[in-house]
Amino acid sequence: MQKKITFYTRKNCSLCEKAKDSILELKEDFDFTLEEIDINESDELTEKYGIMIPVVVIDGEEVAFGIINKIDIRNRLQEKSE
């Protein structure tokens, strides 16, 4: 079953850009859809994630925020695949 990664981000965020690159590199090994959401488009999301971004959610579970470690995301995708 295909996994869904929701990626909360905002414009001009260098951490977000690095995190997105890391997530996209994992597409070679894992089947998932990537939904990217700019928190600046929602007051509710800005309030929830303002200082935490980027935030990575896999199948509804928040798994990482801030400095995103590609190995951690890989491990979480692997766990969810078993």
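The values are calculated or read from the model by the stated rules, or taken from the named source; none is laboratory data. Everything numeric here is computed off the predicted structure, so don't read it as measured data. In case anyone asks, the SASA skips ligands and DNA or RNA and just uses the protein heavy atoms, side chains included. Shrake-Rupley method; radii C 1.70, N 1.55, O 1.52, S 1.80 Å.
Solvent exposure of the chain amounts to 64 Å² per residue of accessible area, where only protein heavy atoms count and the probe is 1.4 Å.
Over the chain, dividing the summed -39,500 (n - 2.57) contributions of all DSSP H runs of at least 4 residues by the number of residues returns a 222 nm mean residue ellipticity of -11000 deg cm²/dmol. Roll a 1.4 angstrom probe over the protein heavy atoms and tell me the percent of accessible area of the chain that is carbon or sulfur. C and S atoms contribute 45 percent here. Proximity of backbone amide H atoms, modeled 1.01 Å from N, is registered between Glu36 and Phe7 at under 5 Å, excluding neighbours fewer than 5 places apart on the same chain. Here the 3J(HN,Hα) profile of the range 2-16, calculated from phi with Karplus coefficients 6.51, -1.76 and 1.60 at θ = phi - 60°, is 6, 7, 10, 9, 9, 10, 8, 8, 8, 5, 6, 10, 5, 4, 5 Hz, Gly and Pro shown as x. Taking amide H as placed 1.01 Å from N in the peptide plane, the amide H of Ala64 sits under 5 Å from that of Val56, each at least 5 places away or on another chain.
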